[in-house]
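Engineer: Dropping a structure here in structure tokens format, bear with me for questions.
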Amino acid sequence: MKAQIYDVFCSDFAQGNPCAVVELVKWPDEAELLSITQELAQPVTSFVVKSDSGFDIRWFSLEGEINLCGHGSLGAGAAVISKYGLASVTLISQYGQVVITKENGRYKIVLPSWRAQRTAMDKIDFNIPTADVFSTRDLILVLESEDAVANFVPDFDQMNKIEDFHAVIVTAQSTPDSYVLRYFAPKIGIDEDLATGSAQCSLAPYWFNKLRVTQLSARQLSTLGGYFEIEQAADASIVVSAQVKLRL
């Protein structure tokens with residue numbers, strides 16, 4: 001068994017989010033997968049098993065299995081594409097398929113476009129002015145400026161009380177065709193994520209509609225920083241383009 005570490009969603013000004021990738025011959029039990037994840041000590045570890053139908057994948061944070069990880073998928077896709085000499089790969093999970101394609105030195109991932117739902121804030125109080133609030137799998141707070149996102153102080157006690165959502169995202173417009181974000185998921189062991197591909201499933205459709213564009217860039221204002229380029233697809237999905245670097 002060999003582990004590789006990839007930095008995903010990096011750029012000239014962003015270090016991205018690290019993930020470990022481990023290819024297995026067959027699936028061990030969940031406790032062993034979690035033990036390996038904790039030993040590797042990366043925010044997420046992607047486990048891949050080659051099967052007759054392609055490549056099966058599972059993602060683990062340090063707390064347990066998670067149901068979709070954009071940067072973990074891109075890291076795994078880069079590893080499989082490099083090892084097997086492929087142009088693209090379909091990763092198969094129990095939550096659906098993820099397609100990773102290498103194009104012009106960057107990696108693209110097709111992700112679902114999640115429809116925004118209106119959300120009442122009467123039981124949720126983060127004591128901060130919001131320009132908008134909506135939900136998907138996550139709870140999204142649209143703040144009034146990029147500075148407000150950068151200076152947002154998370155209340156983890158409050159976040160842990162929210163039962164209905166996977167994570168809390170704060171976001172704001174940056175330029176006419178870009179936005180910024182921060183992502184908090186303390187319930188799955190990630191107080192603040194470094195660079196989150198799946199967050200764009202919630203945010204990109206909202207900003208496509210709000211800014212009336214079909215291509216966006218986004219920056220995640222974490223300690224290491226993340227950078228994303230997103231395209232609107234015709235089939236109710238989005239395409240996220242990223243830089244993925246193998247640590248030598």
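Engineer: Only sites in a loop by DSSP and with at most 10 other Cβ atoms within 10 Å count here; which trypsin sites (Lys or Arg not before Pro) in region 176-213 make the cut? Can you show the working numbers first?
Structural biologist: Numbers: sites: 182, 187, 210, 212; in loops: 212.
Passing sites in region 176-213 are 212.
Engineer: Hey, if you put +1 on the Cβ of every Lys and Arg and -1 on every Asp and Glu Cβ in region 66-215, which of 87, 68, 169 ends up farthest toward the positive end of that dipole?
Structural biologist: 87
Engineer: Taking region 19-90, how much of its Cα-Cα pair set, in percent, is spaced more than 16 angstrom apart?
Structural biologist: Values: 1103 of 2556 pairs.
So the portion of pairs separated by more than 16 Å is 43 percent.
Engineer: A further question follows. Under the 0.36 nm per residue contour assumption, what length would be gained going from the current alpha-carbon distance of residue 86 and residue 156 to full extension? Numbers along the way, then the final one.
Structural biologist: Numbers: separation 70, 0.36 × 70 = 25.20 nm, distance 4.21 nm.
Stretched fully, the residue 86-residue 156 segment lengthens by 21.0 nm.
Engineer: Okay, moving on. Between 15, 94, 200, find the one with the highest GNM mean-square fluctuation for the chain; connect C-alpha pairs within less than 10 Å.
Structural biologist: 94
Engineer: Also, I was wondering about something else. So, counting K/R as plus one and D/E as minus one, what does the shell of residues with Cβ under 12 Å around residue 226 add up to? Mind dumping the intermediate values first?
Structural biologist: Values: positive: 182, 219; negative: 7, 192, 193, 229.
Computed value for this residue: -2.
Engineer: If I stretch the segment between residue 49 and residue 163 completely, what's the gain in nm (0.36 nm per residue apart, minus their alpha carbon distance), one decimal? Display every interim value, and only then the final one.
Structural biologist: Working: separation 114, 0.36 × 114 = 41.04 nm, distance 3.27 nm.
Extra length available between residue 49 and residue 163 comes to 37.8 nm.
Engineer: Summarise the accessible area of region 132-248 (1.4 Å probe, protein heavy atoms) by the percent that is carbon and sulfur. Walk me through the numbers on the way to the answer.
Structural biologist: Details: 2200 of 4970 Å².
Result for region 132-248: 44 percent of the exposed heavy-atom area is carbon or sulfur.
Engineer: Calculated from the structure, Rg and Dmax of the Cα atoms in Å equals which of (1) 16.3, 45; (2) 17.4, 53; (3) 19.4, 61?
Structural biologist: Entry (2).
Engineer: Over the chain, what is the relative contact order in percent, taking alpha-carbon pairs closer than 8 angstrom and at least six residues apart? Provide the component values of the computation, followed by the final result.
Structural biologist: Details: 564 pairs, mean separation 52.5, N = 248.
It rounds to 21 percent for the chain.
Engineer: So, in nm, how far is label residue 188 from label residue 248 when the simple model puts each one 7 Å beyond its Cα toward the Cβ?
Structural biologist: 3.3
Engineer: Still on this structure: Mind giving me the nanometre distance, one decimal, between the label points for residue 224 and residue 117, set 7 Å out from Cα along Cα→Cβ?
Structural biologist: Here the modelled spin labels are 3.2 nm apart.
Engineer: In the calculated pair distance distribution of region 115-248, what percentage of Cα-Cα distances lie above 27 Å? Show your work: numbers first, answer last.
Structural biologist: Working: 1356 of 8911 pairs.
Everything past 27 Å amounts to 15 percent.
Engineer: Using just the Cα positions, wrap region 23-167 in a convex hull and report its mean projected area in square nanometres, one decimal place. Mind dumping the intermediate values first?
Structural biologist: On the way: hull surface 45.1 nm².
Spelled out: convex hull of the Cα atoms, projected over all directions, averaged, 11.3 nm².
Engineer: Would you calculate the separation in nanometres between label points at residue 3 and residue 63, each defined as 7 Å from the Cα along the Cα-to-beta-carbon direction?
Structural biologist: About 2.0 nm, to one decimal.
Engineer: Continuing with the same structure: Using the per-residue mean of other Cβ atoms lying within 10 Å as a proxy for protection, in what order, highest first, do the peptides 84-92, 16-24 fall? Spell out each step's value before the answer.
Structural biologist: Values: 84-92: 15.1, 16-24: 23.6.
Highest mean packing first, the order is 16-24, 84-92.
Engineer: Let me ask something additional. Please state the charge dipole magnitude for the chain, taken about the Cα centre, from unit charges on C-beta atoms (+1 on K and R, -1 on D and E), reported in debye and rounded to the nearest 20. Numbers along the way, then the final one.
Structural biologist: Details: 20 positive and 30 negative charges, 155 e Å.
Result for the chain is approximately 740 debye, rounded to the nearest 20.
Engineer: Also: With a 1.4 Å probe and all protein chains left in place, how much accessible area per residue does region 33-142 have, in Å²? Please list the in-between numbers first.
Structural biologist: On the way: 5120 Å² over 110 residues.
With the other protein chains kept in place, region 33-142 gives 47 Å² per residue.
Engineer: Taking region 91-168, which GluC sites (Glu not before Pro) meet the DSSP loop condition and have no more than 15 other C-beta atoms within 10 Å?
Structural biologist: Working: sites: 103, 144, 146, 163; in loops: 144, 163.
Here the sparse-neighbourhood loop sites are 144, 163.
Engineer: Here's another thing I want to ask about it. Along region 44-59, what does the Karplus equation 6.51 cos²θ - 1.76 cosθ + 1.60 (θ = phi - 60°) give for ³J(HN,Hα), rounded to whole Hz, x for Gly and Pro?
Structural biologist: Karplus-based 3J(HN,Hα) across region 44-59 equals 9, 10, 9, 9, 10, 10, 6, 10, 4, 8, x, 10, 8, 9, 9, 10 Hz.
Engineer: Okay, moving on. Would you calculate, for the chain, the mean residue ellipticity at 222 nm contributed by helices, counting each DSSP H stretch of 4 or more residues as -39,500 (n - 2.57) and dividing by all residues, to the nearest 500? Present the calculation step by step, with values, prior to reporting the outcome.
Structural biologist: Values: 5 runs with 49 residues, N = 248.
Rounded to the nearest 500, the figure is -6000 deg cm²/dmol.
Engineer: Tell me, what ³J(HN,Hα) does each residue in region 98-106 have, in order and in whole Hz, if you take phi through Karplus 6.51 cos²θ - 1.76 cosθ + 1.60 with θ = phi - 60° and put x for Gly and Pro?
Structural biologist: 10, 9, 10, 10, 9, 8, 6, x, 10
Engineer: Okay, moving on. Considering only lysines 8 or more places apart in sequence, or on different chains, count the pairs in the chain whose C-alpha atoms sit under 25 Å apart.
Structural biologist: Taking the chain as the scope, the lysine pair count is 21.
Engineer: Could you order 132, 177, 235, 12 by accessible surface area, starting with the largest, using a probe radius of 1.4 Å? Numbers along the way, then the final one.
Structural biologist: Details: 132 35, 177 80, 235 110, 12 165 Å².
I get 12, 235, 177, 132, largest accessible area first.
The values are calculated or read from the model by the stated rules, or taken from the named source; none is laboratory data. Everything numeric in this text was worked out from a predicted model, so none of it was measured. Counting neighbours? That spans all protein chains shown, and the Cβs are built from the backbone with ideal geometry, glycine included. For accessibility, only protein heavy atoms count, side chains too; no ligands or nucleic acids. Shrake-Rupley method; radii C 1.70, N 1.55, O 1.52, S 1.80 Å.
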